Each structure stands twice: as structure tokens, then as C-alpha cells.
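Below: the structure, in C-alpha cells.
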Amino acid sequence: ADIPVIPDLEDVQEEDLAMQVAAPPSVQVNRVLTYHDLDKDLLKYTAFQTLDGEVDLKLLAKVLAPEHELREDDVSWDWDHLFTEVSSELVTEWDLAQLERED
């Protein structure tokens, strides 16, 4: 009496599925830490100040550059301009080295 039965395809097609709505998936979103939060955590927690419990990173943590010093403006590169600039610097260095050898 309690044996499950596989329904026929005709029975399933007759059901009105238009009013049924699937539940949205539940996804846990983890907050991404900002550089400011990471800097505070680095100085607050001693776990970041040692590596494998043996290497002391306190001195390194003290001299790390803050984020605002590391930010640079985006500059587009032009291949021809960059190549000309680098090659002229190399030629200048070679000329100076050759003049020093001659003296």
C-alpha cells in the first residue's frame, strides 16, 4: 500500500505549474576586506607577525608602506614612444661608457 509509484507523463503535464515559484537559492556572501581593514588586522593580531611560529615579522610589519603610497595613476603606454625612450637612454649610456673608456 505504501509503495511509491512513478507518475505517468500525462498526469504530470496536466498539473498547472504556472503558479508555482521555485525558492531562490540561499548563498552566503562573505564580505571582502578592504586594505584599511587588513592594515588594522595586521597590526592588531600577532598571528600575522610570526610565520610558522618561528620567523618574527614584526620588523617587516612596521615598515610596510601604507596603501595611499602604493596607488599609482593608470598611464597608457604607446609602444613607439616607449621604445624610442628606452633606446635613447641606452644609446646615451653606451656613449658615456665609451667616452669613459677613451679617457
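The values are calculated or read from the model by the stated rules, or taken from the named source; none is laboratory data. Source: prediction; values computed, not measured. Because the Cβ atoms are built from the backbone with ideal geometry, glycine has one as well, and the counts that use them run over all protein chains shown. Just the protein is used for accessible areas: all its heavy atoms, side chains included, with ligands, DNA and RNA removed. Shrake-Rupley method; radii C 1.70, N 1.55, O 1.52, S 1.80 Å.
Filtering Val12, Val75, Val29 for residues that are modelled with pLDDT under 75 and in a loop (DSSP other than H, G, I, E, B) leaves a single hit, Val29.
Checked against (1) closer than 30 Å to His36 by Cα; (2) over 26 Å from the mean Cα position of the chain (by Cα); (3) open to solvent by less than 100 Å² (accessible area, probe 1.4 Å), Glu54 passes all but a single condition, namely (3). Does Val91 meet the test of being open to solvent by less than 100 Å² (accessible area, probe 1.4 Å) and among the β-branched types (Val, Ile, Thr)? Judged against the criteria, Val91 is a match. Taking residues in region 43-66 that are assigned to a helix (DSSP H, G or I), and partners anywhere that are modelled with pLDDT of 70 or more, the pairs with Cβ atoms closer than 6 Å and at least 6 places apart or on different chains are Gln49/Leu57; Gln49/Lys58; Gln49/Ala61.
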